[in-house]
Amino acid sequence: MAKSQKAPVSVLIPTKNEERNLPDCLASVGWADDIIVFDSHSSDATARIAEESGARVVAREFDNFAAHKNWALENLDFRHGWILLLDADERVTPELADEIATVITSNDGPVGYYTARQTMFAGKWLRHGGVWPDYNLRLLKRGHGRFEDRLVHEHMLLDGTAGYLKGHLLHDDDKGIERFFERHNIYTTLEAVEIVRARNL
């Protein structure tokens, strides 16, 4: 693929007050032809940053992670048949970008791909404790997947076979330690709710 040619993939980036993380995230997907910032009515400069970068901005009130993302997969006007799901605090490495541009040209391969996340904390790569490689299914053919009904840490349910990409995502949140603990306190509370829900089924 020529350097001036954009890859025929749609990138979906859910956001809520991500002005600190979003510029680097958007810069890492400049190779993609279609970028949608799916914003939950941010009160900071998130939407302006997205628009100035050339991304499309779609706003929707957030309800929960699975329902929000499933609404996007079912309702947004994606320009291409392949969708890359990306968080605002993640960056696509050049190696992963090249690999994605290659695999989406195949018509008879998997309909979804897992990629590893390289998580950073306080400038250090978290290599142990089950944090690496942290595979997530992030690339899929449109219409071949949806998220399971969970409040948090939802997994993609794929209709078809999946493959694994060699390149990785860089996961590096720039919101500081206070936001780190706040976010994980929310996540653990939602996980507790899911445990209770599972026991009552």
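Assorted remarks:
- The range 1-131, relative contact order [Cα under 8 Å, separation at least 6], %: 29
- Rounded to the nearest angstrom and listed largest first, the equivalent-ellipsoid semi-axes of the range 1-126 from its Cα gyration tensor are 23, 18, 15.
- When both bridge partners sit in the chain, DSSP labels roughly 40% of those beta bridges antiparallel.
- With the simple spin-label model, which puts each label point 7 Å out from Cα in the Cβ direction, the Tyr164 to Val103 separation comes to 1.1 nm.
- Long hydrophobic helices in the chain: the complete DSSP H runs spanning 18 Å or more by Cα along their own axis with mean Kyte-Doolittle hydropathy of at least -1.0 are 177-199.
- Gaussian network model of the chain, Cα within-10 Å springs - most flexible of Ile83, Ile13, Ile49: Ile49
- Counting Cα-Cα pairs of the range 56-178 in 5 Å increments starting at 0 gives whole-percent bin shares of 2, 10, 19, 21, 22, 16, 8, 3, 0, 0.
- FRET E, pair His128, Arg56, Förster distance 41 Å, beta-carbon r, rounded to 0.05: 0.60
- Charge tally around Ala116: other residues with Cβ under 15 Å, Lys/Arg +1 each, Asp/Glu -1 each, net -1.
- Heavy-atom accessible surface of the range 43-156: percent carbon and sulfur, 1.4 Å: 48
- Each helix, a run of at least 4 DSSP H residues, gives -39500 (n - 2.57); summed and divided by the residues of the chain, these come to -9000 deg cm²/dmol at 222 nm.
- Mean accessible surface per residue for the chain, computed with a 1.4 Å probe while every protein chain stays in place, in Å²: 54
- Annotated for the chain: lysine pairs at least 8 residues apart or interchain, Cα distance under 30 Å, count 19.
- Counting only the Cα atoms, the range 73-122 fills a convex hull of 116 Å³ per residue.
- Peptides 15-25, 153-163 ordered by average Cβ neighbours within 10 Å, highest first: 15-25, 153-163
- Comparing mean-square fluctuations of Ala88, Ala72, Ala122 from a GNM of the chain with C-alpha springs under 10 Å, the top value falls on Ala122.
The values are calculated or read from the model by the stated rules, or taken from the named source; none is laboratory data. Because the structure is predicted, anything quoted here is derived from the model rather than measured. Cβ coordinates were reconstructed from backbone atoms using ideal geometry, including for glycine residues, and neighbour counts include every protein chain displayed. Surface areas here come from the heavy atoms of the whole protein model, side chains and all, with no ligands, DNA or RNA. Shrake-Rupley method; radii C 1.70, N 1.55, O 1.52, S 1.80 Å.
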